Amino acid sequence: MERFTLKIIDKPKSSLRNVCRLCGMDNPNKIFILRDEDVFCEDDVPLSTKIQVCCGIEVTKKDRMPQKICTLCSDKINDFYEFREMCTATNVQTRDLLGLPREKPKSKAQPPPPPQPPAV
Ligand SMILES: [Zn+2]
């Protein structure tokens, strides 16, 4: 993990908001994670949902964190989300073919429980 965090550690706070939310790099091509309602297409899964599902990171407009990701990360997220969907579909299909019960769907995109304070 350390080799990733080192990339952004020297940046001043003001430029930290301009780095990619996911890789921390200041790549030139970046896109907004959250789109405005008017350009939101309903049949597509929002990028923020894919990030939540694939990385467990919640992105909101008011989180005071970088609001963009680079196109490299965007491609990875889209690919991984698709891969995840495929695995889920295969799992269901295989269980059906083998006559096994379908697994109970886990509650979707639930953030993990807040960290407990260390016992003193
Ligand atoms: Zn990135």
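Numbers at a glance
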{"read-out": "For peptides 25-32, 97-104, sequence by mean Cβ density within 10 Å, most packed first", "value": "25-32, 97-104"}
{"read-out": "Cross-link table LYS76/LYS104; LYS11/LYS62; LYS30/LYS104, entries beyond 30 Å C-alpha to C-alpha", "value": "LYS30/LYS104"}
{"read-out": "Only Lys, Arg (+1) and Asp, Glu (-1) charged, at Cβ; the stretch 13-98 dipole about Cα centre in debye", "value": "640 debye"}
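Read-outs throughout are calculated quantities, based only on the coordinates presented, and are distinct from any laboratory measurement. Keep in mind that what you see is a predicted model, and the values were worked out from it rather than measured. Cβ coordinates were reconstructed from backbone atoms using ideal geometry, including for glycine residues, and neighbour counts include every protein chain displayed.
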